[in-house]
Amino acid sequence: QVQLVESGGGLVQTGGSLRLSCAASGRTFSGYAMGWFRQAPGKVREPLAAVSWSGSRTYYTDPVKGRFTISRDNAKNTVYLQMNSLNPEDTAVYYCAVRRGTAAADPALYEYWGQGTQVTVSS
């Protein structure tokens, strides 16, 4: 089993920034890709960004491209999501996830999920 705990969410005004962290623990972690997703009420879970184990491959979806940056520190088994230029459309519960394989966008491919952290952006 892999356990994931997100932190860093909160309330921020339009144009502000937040950095989310996701700490992983468990019996194995090497070679896992990690991703960030979000889900607003009444909407499907959407992918945001993902990074390979080595950090050599990253992807960003269009709503966050140029504003969000994903990174990881394998020594700490932690992945980060730096979020800049936030707007109310970014309000959602943010989740990190892990899979054994390449960085991918489809939530169905990920095996382990955190409990989520709320991000609220006020206008």
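The values are calculated or read from the model by the stated rules, or taken from the named source; none is laboratory data. Note that this is a predicted model, so its numbers are computed, not measured. FYI the Cβ positions are ideal-geometry reconstructions off the backbone, even for glycines, and counts take in every protein chain you see. All accessible areas refer to the heavy atoms of the entire protein, side chains included, with ligands and DNA or RNA removed. Shrake-Rupley method; radii C 1.70, N 1.55, O 1.52, S 1.80 Å.
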| Could you state the number of Å between the C-alpha centres of the range 1-44 and the range 49-113? | 8
| request: Starting from the Cα of Asn87, step 7 Å along the direction of its Cβ; do the same at Gln118; then give the gap between the two resulting points in nm. | output: 2.4
| request: Filter the trypsin sites (Lys or Arg not before Pro) in the range 42-88 to those in DSSP coil with at most 14 other Cβ atoms within 10 Å of their Cβ, and list the result. | output: Lys43, Arg57, Lys65, Lys76
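Within the accessible area of the chain, what % is carbon and sulfur when the probe is 1.4 Å and the other protein chains stay in place? Before the final figure, lay out each step's value.
Working: 2990 of 6160 Å².
Here carbon and sulfur together make up 48 percent of the probe-accessible area.
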| said: Below 8 Å, C-alpha to C-alpha, sequence gap of six or more: please give me the relative contact order for the chain in percent. | reply: 36
| said: Show me, for the range 49-66, the HN-Hα J-couplings you get by feeding each phi into the Karplus relation (A = 6.51, B = -1.76, C = 1.60, θ = phi - 60°), rounded to Hz, glycine and proline as x. | reply: 7, 8, 9, 6, 4, 6, x, 6, 10, 9, 9, 9, 7, 4, x, 10, 4, x
| Two-site FRET efficiency, Glu111 against Arg67, from Cβ-Cβ distance with R₀ of 25 Å, rounded to 0.05 | 0.35
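Roll a 1.4 Å probe over the protein chains and send me the accessible area per residue for the chain in Å². If you can, show how the numbers build up before the last one.
Working: 6160 Å² over 123 residues.
That works out to 50 Å² for each residue.
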| task | For an R0 of 30 angstrom, estimate the FRET efficiency from the Cβ-Cβ distance between Arg19 and Lys43 and round to the nearest 0.05. | result | 0.80
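Send over the per residue convex hull volume for the range 48-123, Cα only, as a whole number of Å³.
Values: hull volume 7.6 nm³, N = 76.
Looking at the range 48-123, the number lands at 100 Å³ per residue.
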